[in-house]
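The values are calculated or read from the model by the stated rules, or taken from the named source; none is laboratory data. These numbers come from a predicted model, not from an experiment. Don't worry about glycine lacking a Cβ; one is built from the backbone with ideal geometry, like all the others, and counts go over all protein chains shown. Please note that ligands, DNA and RNA were not included when accessible areas were found on the heavy atoms of the full protein model with its side chains. Shrake-Rupley method; radii C 1.70, N 1.55, O 1.52, S 1.80 Å.
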Amino acid sequence: MTTRLAIDADYLLDTLKRLLEIPSPTGYTDPIVTFVTTELERLGQTVELTRRGAIRAIRPGHEHRAARAIVSHVDTIGAQVKALKDNGRAALVPIGHWSARFAEGARATVFAEKGSYRGTILPLKASGHTFNEEVDTMPFGWDYVEMRVDALARDKSDLQRLGIDIGDIIAIDPQPEFLENGFIVSRHLDNKAGVALMLAALKALEDENADTPVDIHWLFTIAEEVGVGASSIITNDVVSIITVDNGTTAPGQNSDEFGVTIAMADQTGPFDYHLTKKLVELCRANEIRYQKDIFRHYRCDSASAIEAGADVRTALITFGVDASHGYERIHMHALRSLAELITSYVVSPVAIKRDFQETADKTGFTRQPVRKAKQRLSPEDDGKLLKAPSPASQR
């Protein structure tokens, strides 16, 4: 039975545009936390904030036990001032893992004690009229870029007078484009697109006054890009976490910019067999396009929760992103598909009743299939496959 709800695409896009306008590198997330909190309250939710600003909104279901959590992160990659240089520019270190190739030429804002300043991240040798071919042969990396601040800053003392100091956080301009064909190109779609589609899914549930069998925790973390993620936001009544984040559409990957990409594993290992299987079944039942993928150089909010000791089932659903942590590109089809899957999942019945208890004996414990598969070939043995027996006939 189809259980997905209709998603307000205009709301999703408008929310994403507003999120992209708010700088939120890890360590400077207060403004975006305020925005998301206000939007959750506008959608009728009561919001809790941790000391540092991770967000929890609990939408009540029929049961408080065995709660489900949906999580995205509001923080993005960025940079910090590493040193004040004698030429009046700032040396940088990255916040999160991203290539200095994508930093070169970026417009940015540095948040200093006296206020923010605009500037540009440039290679150390930026002028072809001065350095000729050396602009193309100079090595790349964070040691080879600097920030030129758009203020009177001829030397180190000028920077100090401006109030710029070591450790000041730098936000990188997103430069978004929303194309008529549904493609979206911008920095920081990881993971502001995930936040936007979560809010769109929640709006759909509120618009339809949808019931859920258990409480749904809508979580937004503030330090995923540096590995902290959902380590301190999961409460004991949560038994399953679905993380919403970006997939990687690149050579050797199976992610796609259309439909839902369901991650089977990342660098921390496989995701929960039963929860992932349920998501696949929901995609099939609701005619939501999907594909599976494995990410080798990737971790998400779920990994942080598990490493912090949370005994929860985890899964990861993603929207395919091309050039992740660079000039990213996604398609609206994937965002809408993920929002639809979330609505279908949260209204679905709890399949593993044993999860209502923290610990129990083996009664009701889950099972993974271990039976051997059967392959029937034609009598002529010409390699032509006959119709395989149904799973029911193999029991």
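Of all residues in the range 109-124, which are out of contact with any Ser or Thr (no Cβ under 7 Å at 6 or more places or on another chain) and of a type outside the set (Phe, Trp, Tyr)? Scanning the range 109-124 gives 112, 113, 114, 115, 119, 120, 121, 122, 123, 124. Can you find even one residue in the range 201-208 that is of a type in the set (Asp, Glu), closer than 23 Å to residue 102 by Cα, in contact with an Asp or Glu (Cβ under 8 Å, 6 or more places away or on another chain) and at pLDDT 95 or above? Taking every residue of the range 201-208 in turn, none turns out to be of a type in the set (Asp, Glu), closer than 23 Å to residue 102 by Cα, in contact with an Asp or Glu (Cβ under 8 Å, 6 or more places away or on another chain) and at pLDDT 95 or above.
Contact map, the range 37-50: first residue closer than 19 Å to residue 11 by Cβ, second residue of a type in the set (Phe, Trp, Tyr) and open to solvent by less than 80 Å² (accessible area, probe 1.4 Å), Cβ cut-off under 8 Å, separation 6 or more or different chains; pairs are 40/218; 45/218.
When you check residue 302 against the structure, is it outside any loop (DSSP other than H, G, I, E, B), open to solvent by less than 80 Å² (accessible area, probe 1.4 Å) and modelled with pLDDT under 95, yes or no? Quick ask: steps written out before the conclusion?
On the way: outside any loop (DSSP other than H, G, I, E, B): yes; open to solvent by less than 80 Å² (accessible area, probe 1.4 Å): yes; modelled with pLDDT under 95: yes.
Yes; evaluated as a whole, the condition is true for this residue.
Can you tell me which residues in the range 117-162 are of a type in the set (D, E, K, R) and open to solvent by 30 Å² or more (accessible area, probe 1.4 Å)? Answer for the range 117-162, where residues must be of a type in the set (D, E, K, R) and open to solvent by 30 Å² or more (accessible area, probe 1.4 Å): 118, 125, 133, 134, 136, 143, 148, 150, 154, 155, 156, 161.
The residues in the range 163-177 that are closer than 22 Å to residue 325 by Cβ and surrounded by 15 or more Cβ atoms within 10 Å (Cβ to Cβ) can be counted, and the count is 8.
Do we have residue 39 as part of a strand (DSSP E or B) and either closer than 18 Å to residue 305 by Cβ or of a type in the set (Asp, Glu) (or both) here?
Numbers: part of a strand (DSSP E or B): no; either closer than 18 Å to residue 305 by Cβ or of a type in the set (Asp, Glu) (or both): yes.
Taking the combined requirement at face value, the residue does not satisfy it.
Listed by position, the strands (runs of 3 or more DSSP E) contained in the range 183-248 that have at least 3 residues being among the hydroxyl-bearing types (Ser, Thr, Tyr) and touching a residue at least 24 places away in the same chain (Cβ under 8 Å) are 238-248. The set of residues in the range 69-88 being under 30 Å from residue 341 (Cα atoms), open to solvent by 10 Å² or more (accessible area, probe 1.4 Å) and charged (D, E, K, R) is empty.
Write out, first by first residue and then by second, each pair whose Cβ atoms fall under 7 Å of each other, whose residues are 6+ apart or on separate chains, and whose first residue, in the range 13-35, is touching a residue at least 60 places away in the same chain (Cβ under 8 Å) while the second is among the charged types (D, E, K, R) and part of a helix (DSSP H, G or I). That search, which allows pairs on different chains as well, returns 16/192; 19/192; 20/192; 26/225.
Is there a residue in the range 6-28 that is of a type outside the set (Val, Ile, Thr), assigned to a helix (DSSP H, G or I) and either more than 21 Å from residue 207 (Cβ to Cβ) or touching a Cys at 6+ places or on another chain (Cβ under 9 Å) (or both)? Write out each step before concluding.
Our first condition is that a residue be of a type outside the set (Val, Ile, Thr); within the range 6-28, this holds for 6, 8-14, 16-21, 23-25, 27-28.
Applying the additional criterion that residues be assigned to a helix (DSSP H, G or I) yields 9-14, 16-20.
Keeping just the survivors that are either more than 21 Å from residue 207 (Cβ to Cβ) or touching a Cys at 6+ places or on another chain (Cβ under 9 Å) (or both) gives 20.
Yes, the range 6-28 contains at least one residue that is of a type outside the set (Val, Ile, Thr), assigned to a helix (DSSP H, G or I) and either more than 21 Å from residue 207 (Cβ to Cβ) or touching a Cys at 6+ places or on another chain (Cβ under 9 Å) (or both).
Please enumerate the residues belonging to the range 216-258 that are touching a Phe, Trp or Tyr at 6+ places or on another chain (Cβ under 7 Å) and small (Gly, Ala, Ser). Correct list: 247 only. Considering the range 89-105 alone, what residues qualify as being closer than 21 Å to residue 162 by Cβ and surrounded by fewer than 20 Cβ atoms within 10 Å (Cβ to Cβ)? Listed by number, the residues that qualify are 91, 93. Scanning the range 334-383 for residues that are among the hydroxyl-bearing types (Ser, Thr, Tyr) and within 30 Å of residue 248 (Cα to Cα), we see that the one that is surrounded by the fewest Cβ atoms within 10 Å (Cβ to Cβ) is 348. Being open to solvent by less than 20 Å² (accessible area, probe 1.4 Å), at pLDDT 95 or above, under 25 Å from residue 358 (Cα atoms) and hydrophobic (A, V, I, L, M, F, W, C) is true of residue 214.
For the range 226-238, taking the residues that are surrounded by fewer than 24 Cβ atoms within 10 Å (Cβ to Cβ) and of a type outside the set (Gly, Ala, Ser), the one that is nearest to residue 320 (Cα to Cα) is identified as 226. Tell me yes or no: at least one residue of the range 65-72 is outside any strand (DSSP E or B) and not charged (D, E, K, R). There is no residue in the range 65-72 that is outside any strand (DSSP E or B) and not charged (D, E, K, R).
When you scan the range 73-82, do you find a residue that is among the β-branched types (Val, Ile, Thr), without any contact (Cβ under 8 Å) to a residue 24 or more places away in the chain, closer than 18 Å to residue 198 by Cα and part of a strand (DSSP E or B), even just one? No. Scanning the range 318-333 for residues that are under 12 Å from residue 191 (Cα atoms) and open to solvent by less than 10 Å² (accessible area, probe 1.4 Å) yields a count of 6. Meeting the requirement of 1 or more residues that are under 25 Å from the mean Cα position of the chain (by Cα) and not aromatic (Phe, Trp, Tyr), the strands (runs of 3 or more DSSP E) wholly within the range 84-171 are 90-95, 107-112.
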